[in-house]
1. Cross-link partners among aspartates and glutamates for Lys186, C-alpha distance below 17 Å, same-chain residues fewer than 8 apart left out?
2. Quantify, in whole percent, the carbon and sulfur part of the accessible surface of the range 88-143 (1.4 Å probe; protein heavy atoms only).
3. Out of all DSSP beta bridges in the chain, what portion is antiparallel? Express it as a percent rounded to 5.
4. Could you tell me the ratio Rg/Rh of the chain? Both radii from Cα atoms, Rh via Kirkwood.
5. Would you work out what percent of the accessible area of the range 1-72, with all protein chains in place, is carbon or sulfur (probe 1.4 Å)?
6. Can you give me the % of accessible surface on the range 170-254 that is carbon or sulfur? Probe 1.4 Å, all protein chains present, nothing else counted.
7. Taking only protein heavy atoms and a 1.4 Å probe, what accessible area per residue, in Å², does the chain have with all protein chains in place?
8. Which order do the peptides 87-94, 166-173 come out in when sorted by mean C-beta neighbours inside 10 angstrom, highest first?
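The values are calculated or read from the model by the stated rules, or taken from the named source; none is laboratory data. Just so we're clear, the structure is a prediction, and the values are computed from it rather than from any experiment. All Cβ positions, even for glycine, are placed from backbone atoms using ideal geometry, and neighbour counts span all protein chains on display. Heads up: the accessible areas ignore ligands, DNA and RNA and are worked out on the full protein's heavy atoms, side chains in. Shrake-Rupley method; radii C 1.70, N 1.55, O 1.52, S 1.80 Å.
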Amino acid sequence: MIRIIMHGCNGRMGQVISRLVEEDSQTTIVAGVDPFDNGKNGYPVFTNIDQCTVEGDVVVDFSNAKAIDGLLDYCIAKNLPVVLCTTGLSEEQLKRVEEASTKIAVLRSANMSLGINLLMDLVKKAAKVLADEGFDMEIVEKHHRHKLDAPSGTAIALADAINEEFDGAYQYDFDRTGKRQERDEKEIGFSAVRGGSIVGEHDVLFAGMDEVITLSHTAYSRDIFGKGALAAAKFLYNKKAGRYTMAEVISQKG
């Protein structure tokens, strides 16, 4: 039985994972961390990761960017693998994640779903063919009104996947407000929509002179992210220090 410490246990995703673990015979949540606790969880909840005295095998994180520095320090001190799902990290924090991966096993993904990770592979292949034909690339993403970061971590990850095929030649345009100029040929534009209860939608548009190709992913339930996070936790169990990806989790499942 893999013992999970759920960091951000009372957030939306923390509660989804708590429910999914109850139905999973291979995992159990032994402790949660969250500044807000209603006392309804079937495991002890600590308001800060430093206060957690329960031993676990892996940490699953769905919290917020402000809590990541303390989380990494804790995992390094306890030699605990961590599935890092929080988005909106600063450049400095991303460097800290890389440094932490030299000491512990770290799997960080902007999106835990199988479909999104397959979409990343598809957009790479499409960009390799269409960019040379003069197609412009744009990413449109939609999320619920409570999401803090914009554009989403997944939208940026999709752009990064494209950019890998061109050695980072493309620049990202997050805001065209006030600009009166044509788009650059080496530009990927972003549009972010926030409203209602939209779980998550991502469209990658390849716009040519007389045709548009759109590759899309729509999430109808947060369960897809929770299931991916649990698969990642199982994959990371007993792994040596290093930086791991969802592509490796998917490859192992295949």
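1. The reachable aspartates and glutamates, counting only those whose Cα sits under 17 Å from Lys186, are Asp132, Glu133, Asp136, Glu138, Asp160, Glu164, Glu165, Asp167, Asp173, Asp175.
2. On the range 88-143, the fraction of accessible area on carbon and sulfur atoms equals 50 percent.
3. Details: 15 of 46 bridges.
Restricted to the chain, the bridges split so that about 35 percent are antiparallel.
4. Working: Rg = 19.1 Å, Rh = 19.2 Å.
Expressed as Rg/Rh, it is 0.99.
5. On the way: 1640 of 3510 Å².
The C+S portion of the solvent-accessible surface of the range 1-72 is 47 percent.
6. Values: 2550 of 5320 Å².
Carbon and sulfur: 48 percent of the exposed surface of the range 170-254.
7. Numbers: 13340 Å² over 254 residues.
Result: 53 Å² per residue.
8. Numbers: 87-94: 14.2, 166-173: 12.2.
Peptide ranking by packing, descending: 87-94, 166-173.
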